[in-house]
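Report on the following structure.
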Amino acid sequence: MKPLLAALARQPLSHPPVWVMRQAGRYLPEYRALRERHSFQEAVSTPAVAAEITLQPIRRFAMDGAVIFADIMTPLEAMGVDMTFAPGPKLRPHTLAEIAALPELDLDRVSFVAETIGRVGVELPDTTAVIGFCGAPMTLLAYLVEGGGSKDFLAFRGEVRRDEGAARAALDHLARAMTAYLKMQFEAGADVVQLFDSWAGLFDTDQYRRMVAPAAGAIASTLDGPVIYFAPGAGHALGEQLAVGAGAYGVDWRRPIDEYWDELGDVALQGNLDPAVLLTDPGTIKKEVGELIARVGNRTGHIVNLGHGIHRTTPPEHVQALVDAVRGG
């Protein structure tokens, strides 16, 4: 069994599997060179290019997981949402009613993602898992209402509080679309998928329990393959995250991993190095990784990862130091 899948199944391993969120990205010189010839949207929608980007960190570091090069906003374009990336998504702010009335996801318009998965699967070593993903409904809703990224998403938060009924209708629509999108990814050859709920931490515990978790859980409960749920900055609602029903949970760096595990219980955990660790030096990286693994102790089901995406200024040799430290090199 592939090490990443063995960890998700809580099987004992000699060392944990390792991959890094955003590992196919701007910190790699080969990625930057390729992007000089292709825009972001062109790279995502061209399977040969997206597959090449996905494979770049595997060739360099032999990661245990190859996360498909795409964006959480990619399927929204196949629901009729116009946007650009500069570098983050820019789009017209939508009302909750407009979001609930968006067309159903046209899987033919995201078939390039399935083709990318197929291309990657052919090229990967037998031990490397293919990781698909999507944005969780509340996080997608945040971008749609706000019209792009934001420091605090105040307009979005206000709209959700103003009309929770309309927000639920929009969330239900997005959940159905993302379920179909992830099922397509599994059918194309993904071994595991991750639900990114990047802005779930904006909500208090009660709102998270009533709105965020049910929307994400509507996806996780319908999928046959393994699901990792990741809601950075939502540690205040950690217990409520269990209602999502994922088999594994990504955790950020704000608490030691053993504390997260004590609260979450019998699940696999992914994380939780601070991305800033990779901006230090190889000796510090080795020490931090050693401390992380020591806190895990004899628990099974740990996947080493960062508590957020890798920063674009990270030296590639520091990523190699991370992989070596995990594997005892």
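For residue 73, state whether it is hydrophobic (A, V, I, L, M, F, W, C), in contact with a Pro (Cβ under 6 Å, 6 or more places away or on another chain) and crowded, with 18+ Cβ neighbours inside 10 Å. Quick ask: steps written out before the conclusion?
Working: hydrophobic (A, V, I, L, M, F, W, C): yes; in contact with a Pro (Cβ under 6 Å, 6 or more places away or on another chain): yes; crowded, with 18+ Cβ neighbours inside 10 Å: yes.
When the stated conditions are applied, residue 73 passes them.
Tell me which of these residue 111 doesn't satisfy, since it passes every other one: (1) part of a strand (DSSP E or B); (2) open to solvent by 40 Å² or more (accessible area, probe 1.4 Å).
For residue 111, the exception is condition (1).
Can you tell me how many residues in the range 294-329 are more than 16 Å from residue 58 (Cα to Cα) and touching a His at 6+ places or on another chain (Cβ under 8 Å)?
So the answer is 2.
Is it fair to say residue 290 is over 27 Å from residue 28 (Cβ atoms), of a type in the set (Gly, Ala, Ser) and either surrounded by fewer than 20 Cβ atoms within 10 Å (Cβ to Cβ) or touching a Cys at 6+ places or on another chain (Cβ under 6 Å) (or both)?
Values: over 27 Å from residue 28 (Cβ atoms): no; of a type in the set (Gly, Ala, Ser): yes; either surrounded by fewer than 20 Cβ atoms within 10 Å (Cβ to Cβ) or touching a Cys at 6+ places or on another chain (Cβ under 6 Å) (or both): yes.
Judged against the criteria, residue 290 is not a match.
Regarding residue 306, is this residue crowded, with 16+ Cβ neighbours inside 10 Å and modelled with pLDDT of 95 or more?
So residue 306 fits the description; yes.
From the list 278, 292, 242, 269, which residue is without any contact (Cβ under 8 Å) to a residue 60 or more places away in the chain, under 25 Å from residue 209 (Cβ atoms), assigned to a helix (DSSP H, G or I) and of a type in the set (A, V, I, L, M, F, W, C)? Give the steps one after another, and end with the answer.
Details: 278 fails: under 25 Å from residue 209 (Cβ atoms); 292 fails: under 25 Å from residue 209 (Cβ atoms); 269 fails: assigned to a helix (DSSP H, G or I).
Of the residues listed, the single one that is without any contact (Cβ under 8 Å) to a residue 60 or more places away in the chain, under 25 Å from residue 209 (Cβ atoms), assigned to a helix (DSSP H, G or I) and of a type in the set (A, V, I, L, M, F, W, C) is 242.
If you go through the range 142-161, how many residues are part of a helix (DSSP H, G or I), surrounded by fewer than 18 Cβ atoms within 10 Å (Cβ to Cβ) and among the small types (Gly, Ala, Ser)?
Qualifying residue count, the range 142-161: 2.
Kindly indicate the residue of the range 278-287 that is out of contact with any Ser or Thr (no Cβ under 7 Å at 6 or more places or on another chain) and open to solvent by 10 Å² or more (accessible area, probe 1.4 Å) and also nearest to residue 2 (Cα to Cα) among those meeting that condition.
286
Suppose the filter is of a type outside the set (Lys, Arg), in contact (Cβ under 8 Å) with a residue 24 or more places away in the chain and either in contact with a Cys (Cβ under 9 Å, 6 or more places away or on another chain) or open to solvent by 10 Å² or more (accessible area, probe 1.4 Å) (or both); does residue 189 pass it?
The answer is yes for residue 189.
Looking at residue 170 and the list (1) over 14 Å from the mean Cα position of the chain (by Cα); (2) open to solvent by 10 Å² or more (accessible area, probe 1.4 Å), which single condition is not satisfied?
Of (1) over 14 Å from the mean Cα position of the chain (by Cα); (2) open to solvent by 10 Å² or more (accessible area, probe 1.4 Å), only one is false for residue 170: (2).
Which of the residues belonging to the range 43-72 are outside any loop (DSSP other than H, G, I, E, B) and either at pLDDT below 95 or among the aliphatic types (A, V, I, L, M) (or both)?
43, 44, 48, 49, 50, 51, 53, 55, 58, 66, 67, listed by residue number.
Collect the residues in the range 196-219 that are in a helix (DSSP H, G or I), open to solvent by 40 Å² or more (accessible area, probe 1.4 Å) and touching a residue at least 60 places away in the same chain (Cβ under 8 Å), keeping them in residue-number order.
Answer for the range 196-219, where residues must be in a helix (DSSP H, G or I), open to solvent by 40 Å² or more (accessible area, probe 1.4 Å) and touching a residue at least 60 places away in the same chain (Cβ under 8 Å): 202, 218.
Within the range 114-141, how many residues are aliphatic (A, V, I, L, M), open to solvent by less than 10 Å² (accessible area, probe 1.4 Å) and farther than 18 Å from residue 82 by Cβ?
So the answer is 7.
The values are calculated or read from the model by the stated rules, or taken from the named source; none is laboratory data. Only a predicted model underlies this, so the values are computations on that prediction, with no experimental measurement involved. In this analysis, Cβ positions are derived from the backbone assuming ideal geometry, glycine residues included, and neighbour counts consider all displayed protein chains. Calculation scope for accessible area: heavy atoms of the full protein, side chains included, ligands and nucleic acids excluded. Shrake-Rupley method; radii C 1.70, N 1.55, O 1.52, S 1.80 Å.
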